[in-house]
Amino acid sequence: MPLQPLRYPTVHLILHAGIRPKEATADMSVPTTPSHPPSVEILLHQPVLVDAAASVGRAVVTECVRAELDDLRGRIKPGGTWPDIDAITVGVVKRIAIHRRAFPQRVINATGVLLHTNLGRAPWGRDLLDHSAAGLTSYVSLEYDLDRGARGKRGRAVESELAALA
């Protein structure tokens, strides 16, 4: 469901965005002043961000708008010129694209380290995965002693195997 534009009185736009009355328009397409950023609300009403809010949610888009404005505040020197709304919107769209990326993503381990801790877990081979699938998709007797019909020990299954190795 597309978001409906908020209806703000012109006075609110003037105070909130730092613009003059003749610059305020009904569709909230107002320019920034060279020394002040646009408000979060004005940016949220840019058509591309309205569309993005419909797909990823208004909270995500709002978070991206605020992050972009915070980043720009850190880079613009006091008294410096702010980019126009279109340029700021492009930065917000890039942040939304990063947010949309699937996590975690598949990667190729080309580090030379066989089990790299930053790349998650060790990959399973297809044979091992097929063999383990039955145990992963149903209940198992992990801590239950089937012979006694009571709670058992978790490590019981491997104790005899380890004892045989010693």
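Might you check whether a residue that is hydroxyl-bearing (Ser, Thr, Tyr) and within 14 Å of Arg100 (Cα to Cα) occurs anywhere in segment 48-57?
The answer is yes; a qualifying residue exists.
So, Arg73, is that one outside any loop (DSSP other than H, G, I, E, B) and more than 18 Å from Gln46 (Cα to Cα) or not?
So Arg73 passes the test.
Can you pull out every residue in segment 76-112 that is assigned to a loop (DSSP other than H, G, I, E, B) and either touching a residue at least 24 places away in the same chain (Cβ under 8 Å) or in contact with an Asp or Glu (Cβ under 8 Å, 6 or more places away or on another chain) (or both)?
Those that are assigned to a loop (DSSP other than H, G, I, E, B) and either touching a residue at least 24 places away in the same chain (Cβ under 8 Å) or in contact with an Asp or Glu (Cβ under 8 Å, 6 or more places away or on another chain) (or both): Gly79, Gly80, Thr81, Trp82, Pro83, Asp84.
For Ala67, indicate whether it is under 26 Å from the mean Cα position of the chain (by Cα), surrounded by 11 or more Cβ atoms within 10 Å (Cβ to Cβ) and in contact (Cβ under 8 Å) with a residue 40 or more places away in the chain.
So Ala67 does not fit the description; no.
Take the residues of segment 123-139 that are of a type outside the set (Phe, Trp, Tyr) and exposed (fewer than 10 other Cβ atoms within 10 Å of the Cβ): which is modelled with the lowest pLDDT?
That would be Ala134.
Within segment 113-128, restricting attention to residues that are among the charged types (D, E, K, R) and assigned to a helix (DSSP H, G or I), which residue is nearest to Val40 (Cα to Cα)?
Among those that are among the charged types (D, E, K, R) and assigned to a helix (DSSP H, G or I), it is Arg126.
Here is a list: Ile108, Ile98. Which entry is among the β-branched types (Val, Ile, Thr), out of contact with any helix residue (DSSP H, G or I) (no Cβ under 8 Å at 6 or more places or on another chain) and either under 30 Å from Val40 (Cβ atoms) or surrounded by 11 or more Cβ atoms within 10 Å (Cβ to Cβ) (or both)?
Residue meeting the stated conditions: Ile98.
Which one of Lys77, Lys94 is over 20 Å from the mean Cα position of the chain (by Cα) and of a type in the set (D, E, K, R)?
Result: Lys77 is the single residue among Lys77, Lys94 that is over 20 Å from the mean Cα position of the chain (by Cα) and of a type in the set (D, E, K, R).
Pick out the one residue from Val158, Val140 that is assigned to a loop (DSSP other than H, G, I, E, B) and of a type in the set (Val, Ile, Thr).
From the options Val158, Val140, the qualifying one is Val140.
Between residues in segment 25-52 that are under 24 Å from Arg75 (Cα atoms) and modelled with pLDDT of 95 or more and residues that are crowded, with 21+ Cβ neighbours inside 10 Å and of a type in the set (D, E, K, R), which pairs lie under 9 Å by C-beta distance while being six or more apart or on different chains?
Cβ pairs passing all conditions: Leu43/Glu68.
The values are calculated or read from the model by the stated rules, or taken from the named source; none is laboratory data. Since the structure is predicted, the reported quantities are computational estimates derived from the model, not experimental observations. Methodologically, a virtual Cβ is constructed for each residue, glycine included, from the backbone with ideal geometry; neighbour enumeration extends over all protein chains shown.
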